[in-house]
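Presented below is the structure to which this report refers.
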Amino acid sequence: MFSFNMFEPHLGRGFQNRFSAQYRCYSVSMLPGPNDRSDVDKGGKIIMPPSALDQLSRLNITYPMLFKLTNKNSDRMTHCGVLEFVADEGICYLPHWMMQNLLLEEGGLVQVESVNLMVATYSKFQPQSPDFLDITNPKAVLENALRNFACLTTGDVIAISYNEKVYELRVMETKPDKAVSIIECDMNVDFDAPLGYKEPERHMPHPEEPTEEETDPSNYDVDLGFRAFTGSGNRLDGKKKGIEPSPAPLDPSDIKRGIPNYEFKVGKITFIRNSRQQPRKFDMDDMATNFIAFSGEGQSLRKKGRKP
């Protein structure tokens, strides 16, 4: 007899290393149990049922386990890792941002398939809000947040949490492929301008310099400065006669007024040198030539007189 299924064993060996299943997906907030699993929303991994682990252990798949999620109704897909195998049978739990990317509602069907992805070397992100610029070191914050992710897909909008605030970033580009694995990799990270960000306007200075208005010198404030002995005194006998202050009249020549700099320009600082004459320095050569030793005249204490 002839067997018409002679190629069936070869087809089976071709697909034996591939995992494929369909589950109803729910957000992590629907996960039963007293424990708070909000940490799952901060990463890119899902929770699958124990039967998936049993099936994966029978297959000769590569580690780490990476999966492709597809919503056939909207033709949207993304990639993720697995965190635990504790979900109910026929159900898987996804981060909220991942359900938004796949346009899935609570209880929607999602196709889960095992895949092998290349290791990432470069990725570019675009923050979805200018508030991301308030972070002092965004690269360090993103690097710490990506530790909870297993892979990245171009076009996804991921969510990271920092200082009790959620920031959304769109994956603009990944290399060497549109979907890459970021587990134990050396990846260069770049940022695009945030969505809705506007460059601050730069006010250019007016080319024309402002003209100085001529002012009347009589309007200047006279700085009297310190004047000695202009106060009043008190008498010991208590009388007030002759103690009224009589300041000396101020001579107009004593008023010193600053000389304006008519060559002043905005943004230019001019250091005015001291205009006083420097004391004359004695030349040692002149002193040496003019000096003559013992050229003075002496005086005698005894007066010269005639002897008797």
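The values are calculated or read from the model by the stated rules, or taken from the named source; none is laboratory data. Treat the numbers as computed from the prediction; the structure is a model and nothing was measured. All Cβ positions, glycine included, derive from the backbone under ideal geometry; neighbour counts span all protein chains shown. Protein only, heavy atoms only, side chains kept; ligands, DNA and RNA dropped before computing areas. Shrake-Rupley method; radii C 1.70, N 1.55, O 1.52, S 1.80 Å.
Scoring S123 on the criteria (1) surrounded by 20 or more Cβ atoms within 10 Å (Cβ to Cβ); (2) in contact with a Phe, Trp or Tyr (Cβ under 9 Å, 6 or more places away or on another chain); (3) part of a strand (DSSP E or B) leaves a single failure, condition (2). Here V180 passes the criteria (1) within 18 Å of M98 (Cα to Cα); (2) open to solvent by 70 Å² or more (accessible area, probe 1.4 Å); (3) out of contact with any helix residue (DSSP H, G or I) (no Cβ under 9 Å at 6 or more places or on another chain) except the one numbered (2). I'm checking my understanding of the structure. Among residues of the range 137-177 that are on the phi > 0 side of the Ramachandran plot and open to solvent by 40 Å² or more (accessible area, probe 1.4 Å), which one is farthest from the chain's Cα centre (by Cα)? Applying the filter and picking the extreme gives E164. May I ask you to verify whether V86 is crowded, with 19+ Cβ neighbours inside 10 Å and either aliphatic (A, V, I, L, M) or part of a loop (DSSP other than H, G, I, E, B) (or both)? When the stated conditions are applied, V86 does not pass them. For residues that are within 22 Å of D41 (Cα to Cα) and in a loop (DSSP other than H, G, I, E, B), scanning just the range 171-224, find the one that is modelled with the lowest pLDDT. Among residues in the range 171-224 that are within 22 Å of D41 (Cα to Cα) and in a loop (DSSP other than H, G, I, E, B), the one modelled with the lowest pLDDT is E184. Number of residues in the range 100-117 that are among the charged types (D, E, K, R), within 17 Å of D75 (Cβ to Cβ) and in a loop (DSSP other than H, G, I, E, B): the value is 1. Taking the range 56-83 as the range and being within 36 Å of the chain's Cα centre (by Cα) and surrounded by fewer than 18 Cβ atoms within 10 Å (Cβ to Cβ) as the test, the residues that pass are P64, R76.
Within the range 23-49, which residues are assigned to a strand (DSSP E or B) and open to solvent by 20 Å² or more (accessible area, probe 1.4 Å)? Within the range 23-49, R24, Y26, K45 meet the criteria.
Every test in (1) surrounded by 14 or more Cβ atoms within 10 Å (Cβ to Cβ); (2) touching a residue at least 60 places away in the same chain (Cβ under 8 Å); (3) small (G, A, S); (4) at positive phi is passed by G107 save one, and that test is (1). Only one of the numbered conditions (1) without any contact (Cβ under 8 Å) to a residue 40 or more places away in the chain; (2) open to solvent by 70 Å² or more (accessible area, probe 1.4 Å); (3) under 22 Å from the mean Cα position of the chain (by Cα) is not met by L195, and that is (1).
With respect to (1) assigned to a loop (DSSP other than H, G, I, E, B); (2) within 30 Å of S51 (Cβ to Cβ); (3) of a type outside the set (K, R), the lone exception for G81 is condition (1). Answer with yes or no whether A52 is surrounded by 13 or more Cβ atoms within 10 Å (Cβ to Cβ), part of a loop (DSSP other than H, G, I, E, B) and either on the phi > 0 side of the Ramachandran plot or in contact (Cβ under 8 Å) with a residue 24 or more places away in the chain (or both). For A52, the condition - surrounded by 13 or more Cβ atoms within 10 Å (Cβ to Cβ), part of a loop (DSSP other than H, G, I, E, B) and either on the phi > 0 side of the Ramachandran plot or in contact (Cβ under 8 Å) with a residue 24 or more places away in the chain (or both) - is not met.
Kindly evaluate E168 against the criterion of being farther than 13 Å from E143 by Cα, at pLDDT 90 or above and not hydrophobic (A, V, I, L, M, F, W, C). For E168, the condition - farther than 13 Å from E143 by Cα, at pLDDT 90 or above and not hydrophobic (A, V, I, L, M, F, W, C) - is met.
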